[in-house]
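Working notes, structure below.
The values are calculated or read from the model by the stated rules, or taken from the named source; none is laboratory data. Values in this document were obtained by computation on a predicted structure and should not be read as measured data. Every residue, glycine as well, gets a Cβ built from its backbone with ideal geometry; the counts of neighbours run over all protein chains shown. Surface areas here come from the heavy atoms of the whole protein model, side chains and all, with no ligands, DNA or RNA. Shrake-Rupley method; radii C 1.70, N 1.55, O 1.52, S 1.80 Å.
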Amino acid sequence: MGGLPAYAQTAARTARTPDGKPNLNGIWQVLTTANWDLLGHAAAAGPMVPLGAIGAMPAGQGVVDGEEIPYKPEALAKKKENFANRLTLDPEVKCYLPGVPRATYMPFPFQIVQTPQYILISYEYANAVRTIYMKDPGPSPIDSWMGQSVGHWEGDTLVVDVTGLNDQSWFDRAGDFHSDALHVVERYTPRGADAIMYEATIEDKNVFTKPWKISMPIYRRLEKNVQLMEFKCVEFVEELMYGKYRKQPAKP
Amino acid sequence: MNSRCLTIVCLAATLVQAQTDPRKAAPAKAGPYVPPRTADGQPDLQGIWNNATITTLERPPALAGKAFFTPAEAAAFEKTTALQNNRDQRGPDGATDVAGAYNQAWFDRGTKVVGTLRTSLIVDPPDGKIPYNETAQKRLAAAADYARAHPADGPENLTLQDRCLVWATAGPPMLPGPYNDNYQIFQGPGYVAIVVEMIHDVRIIPTDGRPHLPSSVRLWSGDSRGHWEGNTLVVETTNFNGKAHFRGSTEKMRLIERFTRTAADTLTYEFTVDDPATFSKPWSASIPMERSEGPIYEYACHEGNYAVPGILAGARVQEKKSSGGAGK
């Protein structure tokens with residue numbers, strides 16, 4: 001089996017699933033710096049001096065339409081406070097589940113497994129996972145980190161309505177946040193076999209004055225035999241979170 | 001509710017592992033059941049499946065020499081187990097309460113033995129026991145001694161499930177546990193995905209004939225490759241990192257799993273574990289998985305982990321209290 005990876009061959013040959021829908025199966029990844037800051041930003045030093053250039057923030061163009069997040073005044077103050085205290089407050093620091101839409105643009109790949117009834121998205125980061133129900137099961141019975149996703153097709157666009165999100169996740173490392181009133185509508189529109197144009201409209205009456213939108217492309221990972229690996233990061237944060245309770249301090 | 005922190009009870013519960021209605025389940029090789037196919041022609045294993053049972057992995061010592069229950073014995077065993085699981089577990093003092101005052105209301109481990117009425121999930125060897133070799137027995141005894149001497153020096157002394165790293169029952173191989181015994185299978189072109197409710201693990205198993213990862217790359221859940229043998233999905237998993245040490249095994253463990261739909265609502269799951277560094281011979285188990293309505297909810301284990309800081313901080317307080325005496 002030489003040449004292109006199997007997923008790429010599949011994609012090139014059949015852009016559609018047997019039921020005629022665009023075929024989103026495969027391993028995908030975003031290449032923006034949205035996880036650092038949804039808004040456009042110059043490069044900057046990171047929060048940890050010993051990490052030097054490794055820990056610096058890469059520059060990036062913004063992904064927010066209009067380049068403005070419409071915070072209520074008090075919410076904007078909280079975002080700034082979040083950023084100032086990001087080393088203790090950003091849920092990513094503690095390896096917590098990323099929520100939606102942050103899961104999409106974490107710097108890790110994710111895999112889509114598409115069936116007519118369900119579309120699974122398995123994210124490499126922290127084993128995060130969500131199942132998109134193509135038949136609405138009714139209101140989400142409980143809030144969760146990854147929420148409840150209900151999808152439908154509008155032409156070749158997969159539209160996903162995400163509710164039932166808790167207030168614990170952030171949008172990025174810049175302290176952008178939301179409440180449990182968050183409602184996200186995602187749109188996945190294939191652009192050829194190897195890219196998906198992604199949009200997410202974000203609505204949260206407790207935090208924002210009006211809905212706002214982010215957009216970015218998602219690219220297919222085309223490496224031969226590409227597969228999701230493990231990023232079980234809980235192990236990497238135990239010293240940070242529990243080190244103070246050790247009998248003896250850990251050896252450096 | 002942080003049900004994960006019930007680990008002390010959970011560990012006990014794994015000894016009395018769980019299950020669904022059994023007497024309806026057909027044995028693995030019984031039927032000419034032909035599963036439906038997916039649109040691209042694979043045998044269709046999709047759906048939500050539950051493997052809860054009170055039949056334990058190993059045969060309980062009290063049943064030594066008895067491979068199968070009679071139906072009457074099975075009913076009696078189910079009744080006794082239910083009583084035992086539901087009894088008031090509160091202890092004589094507050095400390096006991098905190099450590100284990102949980103009854104069946106906390107769990108979802110099933111109420112039935114497996115349909116074959118076998119007295120263990122292990123089908124080979126015939127005695128229903130894991131065939132540990134001598135080296136492994138010594139290694140595990142030493143590890144147990146160490147654990148007793150260092151119950152909570154730091155997070156690494158706690159169980160992997162206390163730490164929300166991996167669950168002993170989430171696999172691979174996938175075993176019935178005290179709760180969250182649900183699995184959802186999705187099939188795509190060239191891979192089968194299994195969402196494991198326990199700590200939201202996802203296994204994505206390529207079936208396109210690709211090679212394993214290089215042996216230098218080791219993963220908690222190993223590296224799985226699948227292929228179809230008739231209507232059976234056969235999965236080989238290697239490249240374990242050895243830290244999850246399933247039943248005391250090492251990173252050399254090689255696991256073969258077989259998924260076969262044996263009835264419309266039954267998926268028979270069989271696995272064989274081979275690790276010459278731990279077992280004197282390979283051993284195998286068979287577990288029926290019954291179709292479940294679902295849905296599967298999120299189990300955010302780490303995010304609600306109050307157990308690890310609680311256990312460690314508690315140990316430090318105890319040391320401080322007793323330091324007047326021995327002064328460790």
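Remarks
- Note on the range B:174-185: residues that are among the charged types (D, E, K, R) and either open to solvent by 10 Å² or more (accessible area, probe 1.4 Å) or not in a loop (DSSP other than H, G, I, E, B) (or both) amount to 0.
- The numbered conditions (1) more than 25 Å from A:Leu87 (Cα to Cα); (2) within 14 Å of chain B (Cβ to nearest Cβ); (3) not hydroxyl-bearing (Ser, Thr, Tyr) are all true for A:Glu230 except (1).
- Selection within the range A:191-201 - surrounded by fewer than 16 Cβ atoms within 10 Å (Cβ to Cβ) and assigned to a strand (DSSP E or B): A:Ala195, A:Met197
- Matching residues, the range A:48-88, being surrounded by fewer than 16 Cβ atoms within 10 Å (Cβ to Cβ) and of a type in the set (A, V, I, L, M): A:Met48, A:Val49, A:Leu51, A:Ala53, A:Ile54, A:Ala56, A:Ala59, A:Leu76, A:Ala77, A:Ala84, A:Leu87
- All of B:Arg210, B:Arg225 fail the test of being within 14 Å of chain A (Cβ to nearest Cβ), assigned to a strand (DSSP E or B) and not hydrophobic (A, V, I, L, M, F, W, C), apart from B:Arg225.
- So B:Tyr132, is it touching a residue at least 24 places away in the same chain (Cβ under 8 Å), more than 14 Å from chain A (Cβ to nearest Cβ) and under 21 Å from B:Tyr306 (Cα atoms): no
- Members of the range A:29-47 found to be open to solvent by 60 Å² or more (accessible area, probe 1.4 Å) and without any contact (Cβ under 8 Å) to a residue 24 or more places away in the chain, listed by number: A:Ala42, A:Ala43, A:Ala45
- Unmet criterion (only one of (1) within 11 Å of chain A (Cβ to nearest Cβ); (2) at negative phi; (3) touching a Pro at 6+ places or on another chain (Cβ under 7 Å)) for B:Arg218: (3)
- Counting only residues that are crowded, with 17+ Cβ neighbours inside 10 Å and either modelled with pLDDT under 95 or part of a strand (DSSP E or B) (or both), the range A:202-214 holds 4 of them.
- Annotation: of all residues in the range B:135-173 being open to solvent by 20 Å² or more (accessible area, probe 1.4 Å) and acidic (Asp, Glu), the one that is farthest from the other protein chains (Cβ to nearest Cβ) is B:Asp145.
- Residues satisfying the stated conditions in the range B:225-257, i.e. open to solvent by 30 Å² or more (accessible area, probe 1.4 Å) and under 16 Å from the mean Cα position of the chain (by Cα): B:Lys243, B:Ala244, B:His245, B:Arg247, B:Ile256
- A:Glu223 vs. criteria part of a loop (DSSP other than H, G, I, E, B), of a type in the set (Asp, Glu) and either at the interface with chain B (Cβ under 9 Å from one of its Cβ atoms) or touching a residue at least 60 places away in the same chain (Cβ under 8 Å) (or both): yes
- With respect to the conditions (1) of a type outside the set (S, T, N, Q); (2) in contact (Cβ under 8 Å) with a residue 60 or more places away in the chain; (3) over 12 Å from A:Asp172 (Cβ atoms), A:Pro58 falls short on a single one, namely (2).
- Some residue of the range B:241-259 being in contact with a strand residue (DSSP E or B) (Cβ under 7 Å, 6 or more places away or on another chain) and within 14 Å of another protein chain (Cβ to nearest Cβ): yes
- In the range A:115-140, the residues that are of a type outside the set (Ser, Thr, Tyr), open to solvent by 20 Å² or more (accessible area, probe 1.4 Å) and at the interface with chain B (Cβ under 9 Å from one of its Cβ atoms): A:Pro116, A:Gln117, A:Asn127, A:Val129, A:Pro137
- Selection count, the range A:141-190, where residues are of a type in the set (Ser, Thr, Tyr), open to solvent by 20 Å² or more (accessible area, probe 1.4 Å) and closer than 28 Å to A:Arg16 by Cβ: 1
- Screening B:Lys321 on (1) of a type outside the set (A, V, I, L, M, F, W, C); (2) open to solvent by 70 Å² or more (accessible area, probe 1.4 Å); (3) assigned to a loop (DSSP other than H, G, I, E, B) shows it passes everything except condition (3).
- Scope the range B:186-206; condition open to solvent by 10 Å² or more (accessible area, probe 1.4 Å), more than 17 Å from B:Arg254 (Cβ to Cβ), free of Cβ contacts under 8 Å to residues at least 40 places away in the same chain and more than 8 Å from every other protein chain (Cβ to nearest Cβ); matching residues: none
- Test: residue in the range A:50-59 that is in contact with a strand residue (DSSP E or B) (Cβ under 8 Å, 6 or more places away or on another chain), modelled with pLDDT under 95 and assigned to a loop (DSSP other than H, G, I, E, B): no
- Cross-chain or 6+ apart pairs with Cβ under 6 Å, the range B:245-261 first and free of Cβ contacts under 8 Å to residues at least 60 places away in the same chain and closer than 16 Å to B:Thr207 by Cα, then in a strand (DSSP E or B) and open to solvent by less than 20 Å² (accessible area, probe 1.4 Å): B:Arg258/B:Thr232; B:Arg258/B:Val234
- Against the conditions (1) in contact (Cβ under 8 Å) with a residue 60 or more places away in the chain; (2) surrounded by 19 or more Cβ atoms within 10 Å (Cβ to Cβ); (3) of a type in the set (A, V, I, L, M), A:Leu240 satisfies every one except (2).
- Residue that is farthest from A:Leu182 (Cα to Cα) [pool: residues in the range A:206-229 that are among the basic types (Lys, Arg) and over 20 Å from the mean Cα position of the chain (by Cα)]: A:Lys224
- Test: residue in the range B:154-172 that is over 25 Å from A:Val237 (Cβ atoms), without any contact (Cβ under 8 Å) to a residue 40 or more places away in the chain and in a helix (DSSP H, G or I): no
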